[in-house]
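Structure first, commentary second.
Here, each number is a calculation from the coordinates, and none is a lab measurement. Since the structure is predicted, the reported quantities are computational estimates derived from the model, not experimental observations. Backbone-built Cβ (ideal geometry, glycine too); neighbour counts: all protein chains shown.
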Amino acid sequence: MAGPSWNYVLKFIITGDAGVGKSSLLVRLTDQRFLANPDPTLGVEFGSKLITIPEEDNKVVKLQCWDTAGTESFRSITRSYYRGAAGCLLVYDVTSRPSFEHARTWLADVRTHADPHLTCILVGNKSDLSLERRQVSTEEGERWAQEEGLLFVEASAKSGDNVEAAFEKAARDILIKIRRGVFDDDRSPGVKSSNPAGAITLDQRKATGQTCCGS
Amino acid sequence: MEFFQQTYTALRGPTGVQQTPEDTITRLSDRLSPSTLLADRRAAVLSLKGLARAHKQLVGVHALQGLLGIIQNDADVDPDIGRAAIETVVILCDTVDDSYTERDLGLEHTDKLLEDEKTAHKLFALLGDQDHFLRYSACVLLITVLQNRPQRVQAYFLKAPVGPAPVIAVLEGEKEIVGQAIAMLTALIRQSTEIQKILAFDGIFEKLFSVVTREGGLEGQSVVTDALKCVDTLLRFNTSNQSYFRETNLPTLLCRLLFFDPNIQPDQVVPQEFALQFWNEDKATNAGLILEAIGLLLGPKGAGLREGYTFTRLLVEMALASNAPTTVKVKCLRLLPPAAVALLPDMILTPYMPVPDTNGEEWDRLEAATGIDALLELIMHGEYNGQDAVRRQKESVDLRATAVGVFEHFLRDDHVKEAIISGLLPPEDAGIPAHSPVTPLLFGLIIPPNSLLDRSSVSSVQFAAVLFAHLLRHAPYCKDLARKIIPRPLTLLPSSTADGAFFVPADGEPPPPSEPPSKDDSEDAPQNLLAVLTEHLSLAFLQRSRAELAPRDAREADRVICAYLSLLAQWLWEDPRAVREFLEAGGLGVLVEQLNQPSEIDVVVPGLCAFLLGVCYEFNREPGEVTRVTMHSILTRLGADVLVGRMNRMREDERIKVVGPDSWVLPCPTPGPQALDPAFTPMYDGETEIWFDWAFVDFWKANNHTIQRGIVADPDSASSSTAQSGEESILVASLRGVIAKQAAEIEALQNKLKELTATSLATAETAASEASQSAAKSTEERVTLEAALEAERSKRTEVEKEQEDLLVLLDELSSKRAKDKERMKEQGMEVSEDEDDEEEDGEEED
Ligand SMILES: Nc1nc2c(ncn2[C@@H]2O[C@H](COP(=O)(O)OP(=O)(O)OP(=O)(O)O)[C@@H](O)[C@H]2O)c(=O)[nH]1
Ligand SMILES: [Mg+2]
């Protein structure tokens, strides 16, 4: 139970339409597994992972990820998480045009509720599926990301392709923002540096008023 | 003055005629409208506040809407009016009142307030206001409405535009408001997993713990307790929050709050500042809550976690080597996960003892001991080496009983049982008269009955019998070994001093029909443990039969007799050799004598004697002096129906009836219709007693029926339906072993299959070219494994056919597995979905 072994804790949220593979991406990240039949997420699920960012001085980052439900009925619950996040994975399914189109709505929602400095990466998931099934090309995804100032990657929770990379890319961007002082000293609610746990310290214990003889 | 002036006018009315309250309230309510000047509105609110308690209904009808409007529109601008309006509404919504109508009014007003989300949202926003008093009153009103209509408020909270931040930020406020804030949060998170998760996300854990540290750590008072209770709610039924919590630094803080070094290494001694702390009632409560949190995080899986070792060590140290209050120690042992018990033998503890008469100010450090030794010591002697054992106070007996539960987990593995029993055997190379080493457990078992009136020893015998039964129950191999235990003879004989008439039967008492144990016997060939126990049973009965025995001593003797009888019943069950030895050591005579002239008041001892006699008859399957035919004629003489009746009556005794898995420490005397000797009074206030543990009661309930049927059976009838002859019972035992092994193998195969499937997936995913190859390979392996599995299955079917009984056993096994899984799920352990799938697949293949 050693003390913190990380330099930063970053809070991430994962959003996007139902069924695009948000939970699958998180499970792939944390457990290196893929579930063929995951249950739809109810509300929000938590998962976490330590990653190292070589480009940023080998800083160790603890990702705390909140995987949200895509289903409309949970919208009001999941929105509560936007505000406190430092990073967002906005996920669509490359084989579902509607999920890509809805990404606009999701982004608008995130922008309304989240911290203005939030880093958002657009993730086209299920890149493992055959070209015939594709409904959104890589170029199109990339173009829209550029227009909106989002990072972009195509990934597959099934093969594991680019999954860690997606999180790393977003984390790196946040670290750069930190380094540049965008969040003047950790002001983003989603970023915490490794000095004492939530600024909690405990005074040295009070004397017990007891002695121990025979020792 | 203006205020009074106006109120006065309002009350008196312009014409000077006294008005009804309704007139006044209507008039005041009219002034709440935004068109009135702010100062006048303020005055009106204050007047209404004064009237609200006495005229709750009228004020509600006329003013509530206006007041809500003021909260909505004026509170930001003028905190004073906002506060007064909120306070008035608090009175209107209050349901903590004696009269029903008032309470209903409170609910009615609450419903009006919650008609839409506006007021609730405003209140959440006001929690973040600059004005201290406004924040405070908003908090109070939220508590009130949360108590009345929790779900509505919770639903509004989830949609509040301000989000959760202000709700958590109030925790940073002044001391008075923090108490209210915690009360509000407690109501807000009740039964809402989603809100619990959101607040965790927004850092509520960190904030609550900084309240704890700010308020003086665990020695802090009710605010600390409330904060920790809130933490408990956030964690208890919320696995997502539990995994979040584990990922923070807070587990470390839990240790530090208890002054435990979170980085302790296995070879390090725990410092005294942890072992000897200052304790008071508040701290015990707060520490209990921290321990609960630790228990939750450990979960049933326990030691597998990153914090597993530290937490386990903390619990063990606090339970077995600290000055913590006994109730806290009980909690530590209860929370110890079964799996963590495996660490006990390797933990080195330094227990402490209070120096007598120093009022807990001074402590002696004792010699280092392993965790398992310290645990056994605790069970056998009680806390602090039995310093207070004679008093049998609830918490100290609870502590020993809970320790038995821990020990039971330790015995899960049959090899451990065997190892412990083997350790009790005489050294092999030491020649014929070699004796078993005297371990605390063995010593407790063979404490000679002439010292049994010592209350501490009685407890030791009881606990020793319970522990020993755990070692033997349904473990034929251990039973075989146990017959080779040769205890060193302790001075059995009574001194011939004045009170030495201990073993002499009271005058007129008929001599026991069995061979009375005599000096010569015990000095002859060394007796094995079973013979010693048989003899002690007989001695205890003799002691019990003394006419002048005081009621308290009689009860002590009964306890000891019950301890021996229950241990023997479990030992002799399914063990014809042990039965033969017991009969040959005079056991039959002892039982028959008791059943010949049973107690008229007590139902337990005669019932147990009948049961044990039945066990002897049922399993008397080895050739020997006392045949089943002989026994049958004795049973007939005693009357089979009478015996069955005795067994049944025992069922109704509270000492059997109220025992449950975790409750076998009973108040003394155990209440119930079978009040024993009316002259009996306990020696100490709050004294407790134990008679039987759950394992025995369970065993007895399961087998009582078999014995009742067996008792009426013919001497040469092979064996009643479920009971077997000696050979059969050995066969069953070995088949049980086979099945257990096969079940384990099947499980191993299934696991391999799962792994393989997983790896095949993994490989398939990483490289397309390798995919087909590896999948094919793994499919191949899978086929082979499935074939093996199939083979195992058919073998199992064969075995099933051989023994009908085993079907039942298997059924139990699988339903238990399913139940376990359910329980695991319930307790938030991960039972991965694939596992389920796999099983379903498996079933389809069948
Ligand atoms: N082929 C392929 N299928 C995937 C991939 N990721 C997810 N899936 C499948 O897509 C389906 C939905 O995945 P989830 O992870 O539950 O989707 P979600 O976004 O969490 O859905 P909600 O929780 O309802 O919002 C499942 O059947 C997954 O097996 C992928 O990368 N490739
Ligand atoms: Mg999901």
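Here are the numbers for the structure shown:
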item: Of A:K11/B:K229; A:K11/B:K207; B:K49/B:K112; A:K169/B:K197; A:K169/B:K159; B:K159/B:K229, pairs whose Cα-Cα distance is over 21 Å; result: A:K11/B:K229; A:K169/B:K197; A:K169/B:K159; B:K159/B:K229
item: Rounded to whole Hz, the Karplus (6.51, -1.76, 1.60) HN-Hα couplings of segment B:456-464, x for glycine and proline; result: 5, 5, 4, 4, 4, 4, 4, 5, 4
item: For B:202-212, mean number of other protein chain Cβ atoms within 10 Å; result: 3
item: In order through segment B:640-650: 3J(HN,Hα) via Karplus (6.51 cos²θ - 1.76 cosθ + 1.60), integer Hz, x for Gly, Pro; result: 4, 5, 4, 4, 4, x, 4, 4, 5, 5, 4
item: Overall form of segment B:373-451 per C-alpha gyration tensor (a/c, 1.5; a/b vs b/c); result: oblate
item: Formal net charge of residues neighbouring A:F74 (Cβ-Cβ distance under 13 Å; K, R +1; D, E -1); result: -1
item: Highest to lowest packing among A:41-50, B:223-232, scored as the average C-beta count within 10 Å; result: B:223-232, A:41-50
item: Cβ neighbours within 10 Å from other chains - mean over A:76-84; result: 6
item: Calculated FRET efficiency for the pair B:Q387/B:R488, C-beta based, R₀ 25 Å, to 0.05; result: 0.40
item: Residue mean of other protein chain beta carbons inside 10 Å, A:155-167; result: 1
item: Percent antiparallel among DSSP beta bridges (both partners in chain A, rounded to 5); result: 35
item: Ranked B:Y244, B:Y564, criterion: other C-beta atoms within 10 Å, fewest first; result: B:Y244, B:Y564
item: Pairwise centroid distance, computed over Cα atoms, of segment B:163-200 with segment A:1-80, Å; result: 25
item: Relative packing of peptides B:356-365, B:697-706, B:118-127 - highest average C-beta neighbours within 10 Å first; result: B:118-127, B:697-706, B:356-365
item: Cα gyration tensor, segment B:108-247 - rounded (a/c under 1.5), prolate or oblate; result: oblate
item: Sequence ranges B:390-398, B:409-417, ranked by mean other-Cβ count within 10 angstrom, highest first; result: B:390-398, B:409-417
item: Residue-by-residue Karplus 3J(HN,Hα) for segment B:680-685, coefficients 6.51, -1.76, 1.60, Hz, glycine and proline x; result: 6, 9, x, 6, 10, 4
item: Inter-part distance where segment B:310-335 and segment B:434-484 are each reduced to a Cα centre, Å; result: 26
item: Average Cα contact separation per residue, segment B:589-686, under 8 Å, 6 or more apart, as relative contact order %; result: 29
item: Estimated FRET transfer efficiency (B:A547, A:D31; beta-carbon r; R0 60 Å; 0.05); result: 0.25
item: Relative contact order [Cα under 8 Å, 6+ residues apart], segment B:280-422, whole percent; result: 21
item: Relative contact order (%) - segment A:4-83, alpha-carbon pairs under 8 angstrom, separation at least six; result: 41
item: Förster radius 45 Å - calculated FRET efficiency between B:D76 and B:K657, Cβ distance, rounded to 0.05; result: 0.10
item: Expected 222 nm ellipticity per residue - DSSP helices of 4 or more, -39500 (n - 2.57), all of chain A, to 500; result: -8500 deg cm²/dmol
item: Selection from B:Y617, B:V579, B:T688, by position along the positive dipole direction of segment B:555-697 (Cβ); result: B:Y617
item: Tensor-based shape of segment B:297-401 (alpha-carbon gyration tensor, a/c under 1.5 rounded, otherwise prolate or oblate); result: prolate
item: Centre separation in Å (Cα based) which lies between segment B:222-286 and segment B:602-616; result: 49
